[in-house]
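Engineer: Got a structure for you, written out below as structure tokens; questions coming shortly.
Values in this text are rule-based calculations from the coordinates and carry no lab data. Since we're looking at a predicted model, the values are computed, not measured.
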């Protein structure tokens, strides 16, 4: 039976291997002091319904005054 430390190390290595591309892109943007997101910024119609993007934009514009 592997030790808990060995299991944790294997888990971390597996996580890094699965997400290496995303982690590398994020790290490069941090170094460049840029911006990058792995997720789209516009609300999905399938999740938030029709009109969500427009409602969000209107709320943002209203906050600007």
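Engineer: Calculate how steeply helix 52-64 sits against the longest principal axis of the alpha-carbon atoms of the chain, using the helix alpha-carbon long axis, and give the answer as 0 to 90 degrees to the nearest 10.
Structural biologist: The answer is roughly 70 degrees.
Engineer: Further question on the same structure: Among (1) 28; (2) 61; (3) 22, which one is percent of Cα pairs over 20 Å apart computed from these coordinates?
Structural biologist: (2)
Engineer: Gaussian network model of the chain, Cα springs within a sub-10 Å range: biggest mean-square fluctuation belongs to which of 20, 54, 41?
Structural biologist: 54
Engineer: Follow-up. Highest GNM mean-square fluctuation, the chain, Cα pairs closer than 10 Å: which of 37, 46, 24?
Structural biologist: Checking each option, the largest mean-square fluctuation is seen for 46.
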